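Read the structure below first, then the notes.
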């Protein structure tokens, strides 16, 4: 048998009879087929189509030499607009397997595309989409946010199309400060795919680039087909900065739309998404300025009120301190006044001083014939000592001054 696969080489591993059971054979065949063949695209003619009440479809695909049984589950066929007619030529994306209950090789169909009316185009599109999905290029998690205020934007499109005029017009109106770089390429016809890929590779060599817009205006399916190229889609995914894809009209969706960081329905919408509106920003700044002014006015008013309250409290404290000091001063002044010699004199006492102003306290301080000054409560009296000795014998002549 050479190096071929022998399903029965390990027969009777679990049986003492030296033979496989039917279940063992079908299970082993299913595992081998599913491991060796994942999903494939198959072209054939629909035969024996039946739609069951469960919603599942059963049919065969055949050509001139062979046929294969197929099943398409309700979860997959409900995305189609209708059932295929008997004898319709179709492309199907399916997974080969073995139906163990009947020991039958069959295809589990995931997608079904008629070959006419653009079916071949759709087949190529689905094949490219599946390849991009396998490499994770359609994952939402890889989408990058667009810059808020881009300074340099590259536009990869045709110089002759309306798309470029729309983009330039919108950006100039909304955010004229941005620097716009145009990478001129063909967007349809022979060589368009190569030029688009080259233009997208070129933008990766432009320094300080913030954003890339790639796309074109409307057209037929054939005109837009370049943007469904797997090669072009991979070139968009490989751009180093965030990308916006804008292909055709709002109803047109291309592969570049799926791999770009943002899909814009039209080139004008791409320009609006790429840059902010200067008028809106000015309005927002004015609103912020008004809120700040109101806030500052409110804080200033609160500050004045706090300062007034603080001033009142300080005035009350200072006034209380002054009153305390005044009361203390009056008390000390009273005490000093009580100790004043003048108060003593007002009670009938007098003070004798010699010519030098020295106070004469004893009889010995008075020499007969000497002059002295006698201070009473209301003035001084010039006096002369006539005699010293007994107090009653003193006769002091005096004149009032």
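Only the coordinates and a few stated rules stand behind these numbers; no lab work does. On a predicted model such as this, the values are computed, not experimentally measured, just so you know. All Cβ positions, even for glycine, are placed from backbone atoms using ideal geometry, and neighbour counts span all protein chains on display.
With labels modelled as points extended 7 Å from the Cα through the Cβ direction, what inter-label distance (nm, one decimal) is found for residue 350 paired with residue 293?
That separation, rounded to one decimal, is 8.8 nm.
Counting DSSP beta bridges in region 64-188, what percent are antiparallel, to the nearest 5?
About 55 percent, rounded to the nearest 5.
Between residue 231 and residue 251, what is the FRET efficiency for a Förster distance of 35 Å, r being their Cβ-Cβ separation, to the nearest 0.05?
0.90
How would you classify region 251-370 from its alpha-carbon gyration tensor, with a ≥ b ≥ c the square roots of the eigenvalues: rounded for a/c under 1.5, else prolate if a/b is greater than b/c, otherwise oblate?
prolate
Please determine, in degrees from 0 to 90 and to the nearest 10, the orientation of helix 22-36 with respect to the longest principal axis defined by the Cα atoms of the chain, where the helix direction is its Cα long axis.
With rounding to tens, the tilt is 60 degrees.
Just grab the label-to-label distance for residue 184 and residue 317, each label 7 Å out from Cα along the Cβ direction, in nm (one decimal).
Distance between label points: 8.0 nm.
Between 0 and 90 degrees, rounded to the nearest ten: what's the tilt of helix 119-134 against the longest Cα principal axis of the chain?
The two axes meet at around 50 degrees.
Mind running the shape call on region 114-219? Use the C-alpha gyration tensor, a ≥ b ≥ c as the square roots of the eigenvalues: rounded below 1.5 for a/c, prolate if a/b tops b/c, oblate otherwise.
In terms of gyration-tensor shape, prolate.
Could you work out [θ]222 nm for the chain from helices alone, using -39500 (n - 2.57) per DSSP H run of at least four and dividing by all its residues? Round to the nearest 500 deg cm²/dmol.
One gets -12000 deg cm²/dmol as the mean residue ellipticity at 222 nm.
Which order do 330, 65 fall in if you start with the one that has the fewest other Cβ atoms within 10 Å?
65, 330
What is the spin-label model distance, in nm, from residue 21 to residue 67 if the labels are put 7 Å beyond Cα along the C-beta direction?
Spacing of the two 7 Å Cα→Cβ label points: 3.3 nm.
Please figure out what share of the DSSP beta bridges in the chain is antiparallel and state it in percent, rounded to the nearest 5.
In the chain, approximately 65 percent of DSSP beta bridges are antiparallel ones.
What per residue convex hull volume, in Å³, comes out for the chain when only alpha-carbon positions are used?
Normalising the Cα hull of the chain by residue number yields 506 Å³.
Need one word for region 21-175: rounded, prolate or oblate. Basis is the Cα gyration tensor (sqrt eigenvalues a ≥ b ≥ c); a/c below 1.5 gives rounded, then a/b vs b/c decides.
The shape class here is prolate.
Using only Cα atoms, find the angle between the long axis of helix 192-203 and the longest principal axis of the chain, and express it within 0 to 90 degrees, rounded to the nearest 10.
Approximately 20 degrees, to the nearest 10.
Taking the Cα centre of each part, how many Å lie between region 74-93 and region 210-256?
So the two Cα centres are separated by 28 Å.
Assuming 0.36 nm per residue, please report the length gained on full extension of the stretch residue 358 to residue 29 beyond their Cα-Cα distance.
That works out to 103.9 nm of additional length.
Sorting 39, 294 on the 10 Å Cβ count, fewest up front, what's the list?
Fewest-to-most Cβ neighbours within 10 Å comes out as 294, 39.
Using the count of nearby Cβ atoms within 10 Å as a rough guide to exposure, how do 153, 32 rank from fewest to most?
So the residues, fewest neighbours to most, are 32, 153.
Got the relative contact order for the chain handy, in percent, Cα pairs under 8 Å and 6 or more residues apart?
Result for the chain is 9 percent.
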